[in-house]
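Undergrad: Before I ask anything, here is the structure I am working with.
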């Protein structure tokens, strides 16, 4: 799912700040019980000097229960025990005030947490680590813009990360491959045979690189520890997972509109060759309308189009009309005095293979999406190309329902459909696409009309509902 390449040198250097102390404190936090947390919280919200007896009374516990916890906390530099008095270190208190948010119910490593994490590092180090201008007015916003702003930006950043330690790459692969993008810390430590200290050092690297974070879930009087991507990215990945269009397994029940992947350009060639032999009588037809019944019945057998039912006749009339319109649009044929004739320029096109005909058709400067029901302002080339890219989510080639597919379509057709990391109050989120009915219609027309005509998709019906599949040609063309 995720590949880490050596295209960008990693600049996170843990020796730029007292990371060893950070590691020791994280190890302590990982072994916390609820009693440990309650004592720590009491200390964090007390004055910088507090008597142990007073703390005993507040906690309603014995000194024999309290002292082991205080001695454990003293090893982190948070406090010093002087007789009956605790001397609290102000800077270390700030550190633990931030870190214990991991143990709060409902904690998630979101952007607000990431911002707090960066504050643990001397501010003059951050421009070096993240290659942002030292003159930046807001370092965190600059980091977001450079590395996290859109899924495309963040995915490119992930692919360019260069970890010299293969274990780091392995942990990332494990987390991003997990069914819910969450994996137990104990499983990772066991898999890679890591000492706890080594694991915490690896996690510091991953957290400061905005890749994976340690999270905690409360289980009675202790916490279950796991590793996940940062919250906003995990939510986006879950959206992709939950909106993945289901592949139709019962293919026998799919009615495919045309049996061949290149049917449209194949049928264009058939009509051109017929018109080459003898101009076709189209005097009762106008562009934008269905082909007349008599002409449809004449042409349909040559294209192997069934016309036994009213539904089949209706499809053939619409389909053949589209072919005639494209022949005229691409100047392969001409319509004079109601007669469709083949132009000399069509000869070179007819000599091409079906694949090259389709490519010529797709790239032709005159070719465009023809759909009179869509607003002209929406049907510009930029929007059409964006709509076409939506099929990248179903390049597996399986048949999917369009109604399932559109729920997870991710293309930028306007301000409401741009996926971007945005802040609302204190919370951040990758905004999800919101499409108008016209925009949905554009995506559908781009797939079922334009991409079908070019041989990139096959279209059909499943239980009366529109469905499609990306062809082998389409997979090859749209794969990055």
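Undergrad: Somewhere in segment 417-431, is a residue outside the structural domain of residue 115 (by TED's automatic domain parsing), over 21 Å from the mean Cα position of the chain (by Cα) and closer than 26 Å to residue 142 by Cα?
TA: Yes, segment 417-431 contains at least one residue that is outside the structural domain of residue 115 (by TED's automatic domain parsing), over 21 Å from the mean Cα position of the chain (by Cα) and closer than 26 Å to residue 142 by Cα.
Undergrad: Since residue 112 meets every condition but one in (1) in contact with a strand residue (DSSP E or B) (Cβ under 8 Å, 6 or more places away or on another chain); (2) surrounded by fewer than 18 Cβ atoms within 10 Å (Cβ to Cβ); (3) in a loop (DSSP other than H, G, I, E, B), which condition does it not meet?
TA: (3)
Undergrad: Here's a follow-up. Go through segment 33-58 residue by residue and tally those that are over 48 Å from the mean Cα position of the chain (by Cα) and in a helix (DSSP H, G or I).
TA: Result for segment 33-58: 7.
Undergrad: Further, regarding this structure: Quick test for you: out of 369, 374, 378, 359, pick the one residue that is part of a helix (DSSP H, G or I) and farther than 21 Å from residue 280 by Cβ.
TA: 359
Undergrad: Hey, can you tell me all the residues within segment 349-374 that are exposed (fewer than 12 other Cβ atoms within 10 Å of the Cβ) and more than 14 Å from residue 265 (Cβ to Cβ)?
TA: Matches in segment 349-374: 365, 366, 372, 373.
Undergrad: Residues that are surrounded by 13 or more Cβ atoms within 10 Å (Cβ to Cβ), in a helix (DSSP H, G or I) and out of contact with any strand residue (DSSP E or B) (no Cβ under 9 Å at 6 or more places or on another chain): does segment 216-238 have at least one?
TA: yes
Undergrad: Condition first: touching a strand residue (DSSP E or B) at 6+ places or on another chain (Cβ under 7 Å) and either at positive phi or modelled with pLDDT under 90 (or both). Now tell me which residues in segment 322-342 satisfy that.
TA: Once the filter is applied, which keeps residues that are touching a strand residue (DSSP E or B) at 6+ places or on another chain (Cβ under 7 Å) and either at positive phi or modelled with pLDDT under 90 (or both), segment 322-342 yields only 338.
Undergrad: Restricting the search to segment 44-67, which residues are surrounded by 12 or more Cβ atoms within 10 Å (Cβ to Cβ) and under 20 Å from residue 28 (Cα atoms)?
TA: 44, 65, 66, 67 - these are the residues of segment 44-67 that are surrounded by 12 or more Cβ atoms within 10 Å (Cβ to Cβ) and under 20 Å from residue 28 (Cα atoms).
Undergrad: Of the residues 96, 107, which is within 49 Å of the chain's Cα centre (by Cα), surrounded by 15 or more Cβ atoms within 10 Å (Cβ to Cβ) and outside any helix (DSSP H, G or I)?
TA: 107
Undergrad: Here is a further query. So which helices (runs of 4 or more DSSP H) stay within segment 263-336 end to end and still have 3 or more residues that are over 22 Å from residue 358 (Cα atoms) and more than 41 Å from the chain's Cα centre (by Cα)?
TA: 293-299
The values are calculated or read from the model by the stated rules, or taken from the named source; none is laboratory data. Treat the numbers as computed from the prediction; the structure is a model and nothing was measured. Reconstructed Cβ throughout: ideal geometry from the backbone, glycine too, with neighbour counts over all protein chains shown.
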